[in-house]
Amino acid sequence: MFKTLFAALLALCAAAALAAGVEINKADQALLDSVKGIGPSLSAKMIAERKKAPFKNWDDLIERVQGVGPGNAARFSAAGLTVNDMPYR
């Protein structure tokens, strides 16, 4: 019974985390990878660029990270990714 309760609590926490969104300027690589469409290669590029300077907005992200264009930005935003807590326009 304890395992069932623990599993339910863990699932609830995971759902709450995804519902809250993934902030690109704060997320680690594993959290970025959890966004549908972002894999290890793209998340590594995002983190490398973020180390230079935080992303100001979606346009800044699109300009600085190869592989992120307006179409992908819209899909990532729909999957929960935010830049400075803002969804893609």
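When the residues of segment 22-47 are filtered to those that are open to solvent by 20 Å² or more (accessible area, probe 1.4 Å) and assigned to a loop (DSSP other than H, G, I, E, B), the one that is farthest from Asp85 (Cα to Cα) is Gly39. The set of residues in segment 48-57 being assigned to a helix (DSSP H, G or I) and surrounded by fewer than 15 Cβ atoms within 10 Å (Cβ to Cβ) consists of Ala48, Lys51, Lys52. Determine whether Ala79 is surrounded by fewer than 16 Cβ atoms within 10 Å (Cβ to Cβ) and either closer than 14 Å to Lys26 by Cβ or modelled with pLDDT of 95 or more (or both). Yes; evaluated as a whole, the condition is true for this residue.
Taken over segment 62-80, the criterion of being of a type in the set (Val, Ile, Thr), in a helix (DSSP H, G or I) and in contact (Cβ under 8 Å) with a residue 12 or more places away in the chain is satisfied by no residue. For Arg89, the conditions (1) farther than 11 Å from Asn25 by Cα; (2) open to solvent by 80 Å² or more (accessible area, probe 1.4 Å); (3) within 14 Å of the chain's Cα centre (by Cα) are fulfilled apart from (3).
The values are calculated or read from the model by the stated rules, or taken from the named source; none is laboratory data. These numbers come from a predicted model, not from an experiment. Glycine also receives a Cβ, built like all others from the backbone with ideal geometry; neighbour counts cover every protein chain displayed. Heads up: the accessible areas ignore ligands, DNA and RNA and are worked out on the full protein's heavy atoms, side chains in. Shrake-Rupley method; radii C 1.70, N 1.55, O 1.52, S 1.80 Å.
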